[in-house]
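J.: Shown below is the structure under consideration.
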Amino acid sequence: MIENSGIPTGPRVLVGATGSVAVTALPAYLTEMRSRLGGTYTVLMTHTATTFLPPTTVAIHAERVVSGESPEDWPTDKPSRLAAGHDVVVVLPATANMLAAVATGAAPNRLTTVILSTTCPVVYFPSMGAAMWRKPAVQRNVAQIRADGGHVPEPEWHDSYDVGSRSMSHHPTMPPPPEVAKIVGDLLAAQSA
């Protein structure tokens with residue numbers, strides 16, 4: 001766990017960071033949400049997320065970063081405590097694996113366990129390959145999450161260069177930071193209304 005000191009004000013936002021190359025953009029999203037919404041930010045990183053983006057880098061943009069499964073962190077970082085201490089959970093990015101786990105109620109890691117334990121709104125911002133997004137199984141999982149009360153905004157499609165195939169790919173990913181901040185702000189406003 002990495003923690004920065006400060007007096008909490010505004011919404012308490014828990015950001016679940018999953019293992020996708022899109023997680024490398026997380027600092028820009030944290031900066032935008034903080035700018036628009038204020039509040040405090042805890043980032044809960046899956047093991048795979050930390051292979052794309054070091055927790056120490058994320059700590060520059062958040063009050064707290066939780067990663068790994070170290071037993072000594074459980075008094076402060078156990079799922080029920082993390083779930084109770086936040087007003088909204090933002091899964092950014094949401095991989096197909098994460099969507100499948102949540103849709104079926106599985107808890108293979110601390111992030112999915114927190115999601116199962118929370119009573120606050122949870123919003124998932126998908127990012128994956130186009131073929132993956134179009135699979136009936138992924139669409140069923142998204143529909144199930146929505147039916148269960150989770151929020152899954154439609155991803156935005158954009159072009160990016162794929163180094164492996166040496167070609168451009170057109171795929172769904174997270175909306176730009178201002179749109180994500182607006183969606184999260186709307187959820188928080190609806191919750192307090």
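J.: Among the residues in the range 70-77, are any open to solvent by 10 Å² or more (accessible area, probe 1.4 Å) and in contact with a Ser or Thr (Cβ under 8 Å, 6 or more places away or on another chain)?
T.: no
J.: Hey, another quick one. State all residues of the range 44-72 that are in contact with a helix residue (DSSP H, G or I) (Cβ under 6 Å, 6 or more places away or on another chain), assigned to a loop (DSSP other than H, G, I, E, B) and among the hydroxyl-bearing types (Ser, Thr, Tyr); if no residue qualifies, say none.
T.: Thr46
J.: Taking the range 163-182 as the region of interest, how many residues are open to solvent by 20 Å² or more (accessible area, probe 1.4 Å) and either not in a strand (DSSP E or B) or not hydrophobic (A, V, I, L, M, F, W, C) (or both)?
T.: Summing the residues that are open to solvent by 20 Å² or more (accessible area, probe 1.4 Å) and either not in a strand (DSSP E or B) or not hydrophobic (A, V, I, L, M, F, W, C) (or both) in the range 163-182 gives 13.
J.: Could you tell me which of the residues Thr95, Thr104 is surrounded by 13 or more Cβ atoms within 10 Å (Cβ to Cβ), hydroxyl-bearing (Ser, Thr, Tyr) and at negative phi?
T.: After applying the criteria, what remains is Thr95.
J.: Can I ask one more? Just wondering, is there one or more residues in the range 116-138 that are outside any loop (DSSP other than H, G, I, E, B), closer than 25 Å to Ser70 by Cα and open to solvent by 20 Å² or more (accessible area, probe 1.4 Å)?
T.: The answer is yes, given that some residue of the range 116-138 is outside any loop (DSSP other than H, G, I, E, B), closer than 25 Å to Ser70 by Cα and open to solvent by 20 Å² or more (accessible area, probe 1.4 Å).
J.: Given the structure, is Gln144 assigned to a helix (DSSP H, G or I), closer than 30 Å to Glu69 by Cβ and open to solvent by 30 Å² or more (accessible area, probe 1.4 Å)?
T.: Answer is yes for this residue.
J.: Could you check Gly185 against (1) closer than 29 Å to Thr9 by Cβ; (2) in contact with a strand residue (DSSP E or B) (Cβ under 8 Å, 6 or more places away or on another chain); (3) in a helix (DSSP H, G or I) and say which number it fails?
T.: Tallying (1) closer than 29 Å to Thr9 by Cβ; (2) in contact with a strand residue (DSSP E or B) (Cβ under 8 Å, 6 or more places away or on another chain); (3) in a helix (DSSP H, G or I), Gly185 fails exactly one: (2).
So that you can scan it fast, the table gives a plain yes or no per residue for (1) among the polar types (S, T, N, Q); (2) within 24 Å of Lys78 (Cα to Cα); (3) within 13 Å of the chain's Cα centre (by Cα); (4) open to solvent by less than 20 Å² (accessible area, probe 1.4 Å):
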position: Pro11; (1), (2), (3), (4): no, yes, no, no
position: Leu14; (1), (2), (3), (4): no, yes, yes, yes
position: Ala17; (1), (2), (3), (4): no, yes, yes, yes
position: Ala25; (1), (2), (3), (4): no, no, yes, no
position: Ala28; (1), (2), (3), (4): no, no, no, no
position: Arg36; (1), (2), (3), (4): no, no, no, no
position: Gly39; (1), (2), (3), (4): no, yes, no, yes
position: Val43; (1), (2), (3), (4): no, yes, yes, yes
position: Thr51; (1), (2), (3), (4): yes, yes, no, no
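The values are calculated or read from the model by the stated rules, or taken from the named source; none is laboratory data. Worth saying up front: this structure is predicted, and the values here are computed from it rather than measured. All Cβ positions, even for glycine, are placed from backbone atoms using ideal geometry, and neighbour counts span all protein chains on display. We work out accessible area using only protein heavy atoms, side chains counted, and drop any ligands, DNA or RNA first. Shrake-Rupley method; radii C 1.70, N 1.55, O 1.52, S 1.80 Å.
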